[in-house]
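Below is one structure, written out as structure tokens; comments come after it.
The values are calculated or read from the model by the stated rules, or taken from the named source; none is laboratory data. This one's a predicted model, so the numbers in the text were calculated from it and none came from an experiment. Positions of Cβ are backbone-derived with ideal geometry, glycine not excepted, and every protein chain shown enters the neighbour counts.
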Amino acid sequence: MEAATPKKPRRIALVASKGTLDQAYPPLILATTAASMGWEAGIFFTFYGLDIIHKKKHTKLGVPPLGNPAMPVSIPNLIGALPGMTAMATSMMKGWMEKAKLPTIPEFLDMAKEMDIKLFACSTTLGVMGITPDDLIEGVDIAGAAAFLDFAADSNIQLFI
Amino acid sequence: MTETDTTTLEVAKELDCIGMFCPMPIYKASMAMKGLETGQILKVLSTDLGSVADFPSFARQANHELLATDEADGVHIFFIRKGGN
């Protein structure tokens with residue numbers, strides 16, 4: 001009889017390409033849920049998505065009301081373009097998140113690291129945006145597309161967010 | 001799932017996720033499971049509407065057994081037996 005081989009865990013590979021507060025949540029929610037179910041998970045942070053793991057910026061992600069008809073309180077673009085409106089919308093959204101007992105982005109990142117979720121920082125974005133590895137939070141791997149695709153090729157699910 | 005008399009279940013740990021939303025009930029359940037032995041039962045209380053669909057999936061994916069579900073006053077209750085890894 002063959003020895004039982006350990007079952008290979010499922011895996012999810014995510015690309016986080018956007019750096020607004022609302023777009024930072026979905027990849028972190030999916031990755032932490034996957035890890036909660038015993039899956040391997042990895043997120044490739046690229047272009048504005050890199051802000052999610054940027055030491056100074058990840059605590060200050062915002063959501064702009066300008067050109068965003070989905071805001072629950074409808075804000076006309078003309079008003080949304082005024083100074084302070086993004087700060088107001090951001091503070092509103094943070095209020096909903098807190099009321100719903102949802103972790104903040106820094107808290108989600110801590111959870112992700114504790115669960116061994118792989119956090120890839122796109123090296124091209126670093127170069128293009130003039131960001132150094134020291135500008136990023138601890139525990140991320142600098143990688144190019146090949147390294148991420150290598151991880152994603154063995155994944156059951158790949159999503160671009 | 002068969003009908004289970006939940007009053008006879010020996011619950012090792014109870015987890016209160018009332019007022020939380022996805023992914024927190026699942027995340028907290030997975031963390032709570034780490035502290036249990038195989039075969040022990042975790043009881044979870046959740047008001048997240050998604051939990052009704054999420055906990056059967058969580059149990060299937062994480063190799064646990066969802067023994068029973070219940071609902072009272074908008075609180076969904078799940079009894080999950082920890083599976084072996």
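Brief remarks follow.
- Residues in the stretch B:65-85 that are more than 16 Å from B:Glu10 (Cα to Cα) and either assigned to a loop (DSSP other than H, G, I, E, B) or within 14 Å of chain A (Cβ to nearest Cβ) (or both): B:Asp73, B:Gly74, B:Gly84, B:Asn85.
- The number of residues in the stretch B:63-85 that are out of contact with any strand residue (DSSP E or B) (no Cβ under 9 Å at 6 or more places or on another chain) and surrounded by 13 or more Cβ atoms within 10 Å (Cβ to Cβ) comes to 1.
- Lone qualifier among A:Met97, A:Met111 - being within 20 Å of the chain's Cα centre (by Cα), farther than 18 Å from A:Ser17 by Cβ and modelled with pLDDT under 95: A:Met97
- The number of residues in the stretch A:43-65 that are assigned to a strand (DSSP E or B) and either over 12 Å from the mean Cα position of the chain (by Cα) or surrounded by 24 or more Cβ atoms within 10 Å (Cβ to Cβ) (or both) comes to 3.
- Looking only at the stretch A:66-86, and only at residues there that are surrounded by 13 or more Cβ atoms within 10 Å (Cβ to Cβ) and among the hydrophobic types (A, V, I, L, M, F, W, C), the one that is modelled with the highest pLDDT: A:Met85
- The selection criterion, being outside any loop (DSSP other than H, G, I, E, B), under 25 Å from A:Asn156 (Cβ atoms) and β-branched (Val, Ile, Thr), does not hold for B:Val44.
- Residues located in the stretch B:26-45, provided they are within 12 Å of chain A (Cβ to nearest Cβ) and either of a type in the set (D, E, K, R) or within 9 Å of the chain's Cα centre (by Cα) (or both): B:Ile26, B:Lys28, B:Ala29, B:Lys34
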